[in-house]
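What follows is one structure encoded as structure tokens, with my remarks underneath.
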Amino acid sequence: MAGTMASQKPQTLIEKIWDRHVVVEEPDCPAVLYIDLHLVHEVTSPQAFQALREKKLGVRQPSRTLATTDHSVPTHDRSLPFADPLAAKQVAQLGINCREFGLPLFGLDSPYQGIVHVIGPELGATQPGMTIVCGDSHTATHGAFGALAFGIGTTEVEHVLATQCLLQRKPQTFEVRVEGQLRTGVTAKDIILALIAQIGVGGGVGCVLEYTGSAIRSLSMDERMTVCNMSIEGGAKAGLIAPDDTTFQYMAGRPFVPKGAAWDAALQEWKSLPTDNGARYDKTVTLDASRLEPMITYGTNPGMGMAITATIPRPDSLTDETSRKTLAHALEYMALEPGKPLLGHPVDVVFIGSCTNSRLSDLRAAAGILKGRKVSPKARVLVVAGSQQVKRQAEQEGLHEIFRAAGCEWREPGCSMCIAMNGDELKPGQYSVSTSNRNFEGRQGKGGRTFLASPLTAAATAIHGCITDVRTLL
Amino acid sequence: MEPFTKITSRMVPLPMDNVDTDIIVPARFLKVTDKANMEQYLFRDWRFDSDGTPRPDFILNQPRAKGAQILLGGRNFGSGSSREHAPWALLAFGFRAIISTSFADIFWGNSLKNGLLPVVVPPDAHAELFRLVERDPDASVTIDLASQTLTLPNGHAVNFPIDNFSKQCLLAGVDQLGYILKQEPRVRAYESAHPATVQTSVKI
């Protein structure tokens with residue numbers, strides 16, 4: 001078994017997964033990498049299916065493929081028709097494509113429909129040591145299970161459908177070591193926002209991140225998914241965490257995991273994955289979790305983040321001209337004044353959801369703050385569970401009643417206002433605090449302005465209608 | 001895919017770092033199921049007002065952008081989402097190459113697969129190019145893929161990196177899928193040696 005023989009060079013988790021998936025690597029060519037699991041959604045796949053038709057190709061491995069509808073689906077009552085005919089057509093097209101090519105689809109009529117990065121893990125399709133791809137940059141989420149999972153474009157979706165393989169170059173390895181204990185009110189979301197603020201949105205380009213250290217080990221699977229999810233926001237295509245007992249306990253009994261003797265064999269394989277002692281990373285960065293505060297972004301990329309108690313940076317403090325222009329442009333878009341705090345800044349909308357923070361533990365965290373309280377009449381608050389399963393579990397616990405009693409909207413699962421393709425969107429000029437992953441210009445609706453934060457910060461902000469440090473409510 | 005060999009063109013400067021694929025093609029235009037009309041979505045919210053009127057101050061609406069094949073971008077160009085609509089739209093507008101000091105990984109791969117050449121230059125050359133277009137907006141540079149050089153009007157040549165496989169595919173205008181399809185016997189052998197631990201088609 002790789003990595004256990006004394007004569008073998010110690011390997012990182014990333015290198016082990018890589019080596020186990022190289023089908024062939026010819027001189028002067030990229031490696032042909034085998035893909036264990038291909039996740040498909042309605043937005044980035046139609047042109048790929050069309051290309052298959054034109055080239056008269058089929059799907060090589062339908063049972064290694066899993067499709068769902070999430071990005072452009074409405075989150076209102078599912079018995080109502082789509083308001084947007086284009087979205088309706090796109091969702092219908094995925095159904096046509098899956099039927100024609102024989103792919104399993106967890107569509108709007110499925111009790112397992114949801115955001116692709118929420119349902120993969122909860123169905124047990126996401127497993128340690130796998131290579132997982134999807135035409136979606138937040139595929140890194142699945143790295144929480146010790147899988148090499150990354151986003152691909154539509155041409156690559158076509159490649160994987162046709163061949164179950166991709167041409168890839170071996171990434172560099174980048175260790176993100178997070179030690180120490182998080183303080184009250186500080187969450188996994190704050191770890192990843194702090195990391196991106198530190199390394200920048202281009203800091204991980206060409207690399208796969210491996211998150212290590214005591215703070216990471218003590219995170220639940222939901223929390224690990226939040227961390228890995230935003231690896232792409234640091235420029236890394238993927239980010240992963242070695243599987244351990246937390247991982248195996250989460251997986252046990254889920255529908256698509258191996259059963260019986262196959263589970264035991266898989267477990268043995270998975271336990272061989274963690275990085276060997278003495279293995280070297282190309283880069284390393286360390287974070288002290290015990291010093292982190294709740295984080296919030298102020299600008300138009302996820303690297304423009306700061307502690308919630310800090311003040312907005314001044315473009316004139318930057319010496320490089322393009323950096324200065326970029327920050328000045330961002331603050332102009334956000335209509336924020338350099339040097340001012342964000343605490344107390346009014347918001348119009350609070351969005352709790354997305355593949356970053358829409359799992360049961362996220363909803364519990366938000367409900368914990370909102371219980372017995374009312375949201376500000378000035379703020380619209382949307383709570384969007386990541387999947388039908390999460391929604392059912394939350395309702396069994398009565399979380400929906402807490403949200404509704406507080407004045408929140410409790411909506412059907414989907415990507416919703418993270419990407420604003422489905423009608424859930426900010427109006428021009430509106431501000432939101434959002435538990436999603438991107439604060440790009442127009443991301444939550446044309447002209448909308450996004451502050452990224454944790455579910456705790458989002459819930460606290462909802463109550464006051466302005467940016468609030470959750471620690472004042474704990 | 002149209003082959004890429006050599007182009008000589010003006011450059012359209014966009015001196016912003018971390019230009020993301022959401023600004024290149026906003027998500028609300030991703031509801032399409034084909035690749036038609038991509039040109040009109042490019043930099044939509046920087047290019048047009050809410051009523052669709054072109055913003056005269058945005059560089060792509062200025063005469064110098066007309067017919068230009070090279071976009072001179074800031075650092076870490078193409079960050080964010082995996083949407084291939086971004087390179088589709090850049091190509092549909094007429095760009096064949098983007099110059100930066102670095103590119104986001106997924107955008108890089110998507111561009112190469114569509115015949116859009118990402119050209120990575122060192123920071124000093126990058127700064128020199130911005131100075132050049134500021135002095136002379138009509139200055140043309142030549143990008144020659146075979147020799148992997150970008151040549152300035154003064155004859156100064158800068159080398160840029162690209163892996164040989166992608167380079168050969170671009171020069172010939174061939175799709176990378178053909179190469180993977182040719183590996184089918186090896187893929188089959190890999191599959192028989194590595195049974196699946198997931199069967200998504202099983203009813204649950």
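Listed here are the residues, each with its yes/no results for (1) under 23 Å from the mean Cα position of the chain (by Cα); (2) part of a helix (DSSP H, G or I).
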| site | (1), (2) |
| --- | --- |
| A:413 | yes, no |
| A:424 | yes, no |
| A:437 | yes, no |
| A:440 | yes, no |
| A:443 | yes, no |
| A:451 | yes, no |
| A:462 | yes, yes |
| A:471 | no, yes |
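Residue by residue through the range B:141-154, note down the ones that are crowded, with 16+ Cβ neighbours inside 10 Å and over 18 Å from the mean Cα position of the chain (by Cα). Selection gives B:151, B:152. Which residue out of A:316, A:276, A:282 is in contact with a Gly (Cβ under 8 Å, 6 or more places away or on another chain), surrounded by fewer than 20 Cβ atoms within 10 Å (Cβ to Cβ) and not β-branched (Val, Ile, Thr)? Answer to the check: A:276.
Taken together, A:120, A:135, A:114, A:102 contain a single residue that is surrounded by fewer than 24 Cβ atoms within 10 Å (Cβ to Cβ) and within 24 Å of residue A:35 (Cβ to Cβ), which is A:102. Of the helices (runs of 4 or more DSSP H) lying entirely inside the range B:152-204, those containing at least 1 residues that are touching a Pro at 6+ places or on another chain (Cβ under 9 Å) and more than 8 Å from every other protein chain (Cβ to nearest Cβ) span B:164-172.
Selection of first residues in the range B:55-83 that are within 14 Å of another protein chain (Cβ to nearest Cβ) and of second residues that are basic (Lys, Arg) and surrounded by fewer than 23 Cβ atoms within 10 Å (Cβ to Cβ), restricted to Cβ pairs under 7 Å at least 6 apart or on distinct chains, gives the following pairs, ordered by first then second residue: B:55/B:47; B:58/B:47. Pairing residues of the range B:32-51 that are within 13 Å of residue A:446 (Cβ to Cβ) and facing chain A (nearest Cβ under 10 Å) with residues that are among the hydrophobic types (A, V, I, L, M, F, W, C) and open to solvent by less than 20 Å² (accessible area, probe 1.4 Å), at Cβ distances under 8 Å and at least 6 apart in sequence or on separate chains, gives B:44/B:25; B:45/B:23; B:46/B:23; B:46/B:60.
From the list B:130, B:165, B:107, B:93, the one residue that fits, being among the aromatic types (Phe, Trp, Tyr) and open to solvent by less than 10 Å² (accessible area, probe 1.4 Å), is B:107.
Every test in (1) away from chain B (no Cβ under 14 Å); (2) open to solvent by 10 Å² or more (accessible area, probe 1.4 Å); (3) under 21 Å from the mean Cα position of the chain (by Cα) is passed by residue A:389 save one, and that test is (1). Taken as a whole, the range B:127-143 holds at least one residue that is polar (S, T, N, Q) and farther than 30 Å from residue A:138 by Cα. Cβ-Cβ contacts under 6 Å between residues 6 or more apart (or on different chains), taken from a first residue in the range A:163-179 that is farther than 29 Å from residue A:29 by Cβ to a second residue that is modelled with pLDDT of 95 or more and assigned to a strand (DSSP E or B), are listed as A:176/A:209; A:176/A:211; A:176/A:285; A:177/A:212; A:177/A:286; A:178/A:287.
Scanning the range B:111-149 for residues that are part of a loop (DSSP other than H, G, I, E, B) and of a type in the set (Val, Ile, Thr) yields a single hit, B:121.
The values are calculated or read from the model by the stated rules, or taken from the named source; none is laboratory data. This one's a predicted model, so the numbers in the text were calculated from it and none came from an experiment. Counting neighbours? That spans all protein chains shown, and the Cβs are built from the backbone with ideal geometry, glycine included. These area figures cover heavy atoms from the full protein model, side chains too; ligands, DNA and RNA do not enter into them. Shrake-Rupley method; radii C 1.70, N 1.55, O 1.52, S 1.80 Å.
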